[in-house]
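Data first, discussion second: the structure below is written as structure tokens.
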């Protein structure tokens, strides 16, 4: 009776499997070191925002960046920055096509404050007919120290 562990064929297969395993771990270690070395040198600066529409007013600025257009989804960020004496009260995004139909918008606040606000948004544009466009509008409400409110907007049309 011959044991499997003494068979030359089985020993060669086990050796080949061990080599593949060692090589796999070595490649993973090299990839981990490469990605660790590819970090951003400016700590906390984050990526530069994409701006597709920007409007400046006496009360502050309203900016919007549409970053990706996935199948049926338009994703981006809205930014509001208040001028001296003003504060950002609210930031809101709407989407409307050429026929006046409103499209659903998901809004996720990322940074909220009196001086600055950032809002992530997704617009669901599943059944937009070929050739039609959607107007994405960021509306920001600013309020000053005297209680006066002002609504200001920035808009972009997609697809461009």
Single residue of the range 108-133 satisfying the filter (modelled with pLDDT under 90 and part of a strand (DSSP E or B)) that is nearest to residue 84 (Cα to Cα): 111
Of the residues 81, 111, 98, 107, only one is in contact (Cβ under 8 Å) with a residue 24 or more places away in the chain and over 16 Å from residue 127 (Cβ atoms); which? 81
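If you go through the range 66-88 one residue at a time, do you hit one that is over 15 Å from residue 151 (Cα atoms), more than 19 Å from the chain's Cα centre (by Cα), in the same structural domain as residue 133 (by TED's automatic domain parsing) and surrounded by fewer than 19 Cβ atoms within 10 Å (Cβ to Cβ)?
Checking the range 66-88: at least one residue is over 15 Å from residue 151 (Cα atoms), more than 19 Å from the chain's Cα centre (by Cα), in the same structural domain as residue 133 (by TED's automatic domain parsing) and surrounded by fewer than 19 Cβ atoms within 10 Å (Cβ to Cβ).
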Identify all residues within the range 97-132 that are surrounded by 15 or more Cβ atoms within 10 Å (Cβ to Cβ) and over 20 Å from the mean Cα position of the chain (by Cα); write none if there are none. 97, 128
Answer yes or no as to whether residue 93 is in a strand (DSSP E or B), out of contact with any helix residue (DSSP H, G or I) (no Cβ under 8 Å at 6 or more places or on another chain), buried (at least 16 other Cβ atoms within 10 Å of the Cβ) and at pLDDT 95 or above. yes
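The values are calculated or read from the model by the stated rules, or taken from the named source; none is laboratory data. In this text, all values refer to a predicted model and were calculated from it rather than measured experimentally. All Cβ positions, glycine included, derive from the backbone under ideal geometry; neighbour counts span all protein chains shown.
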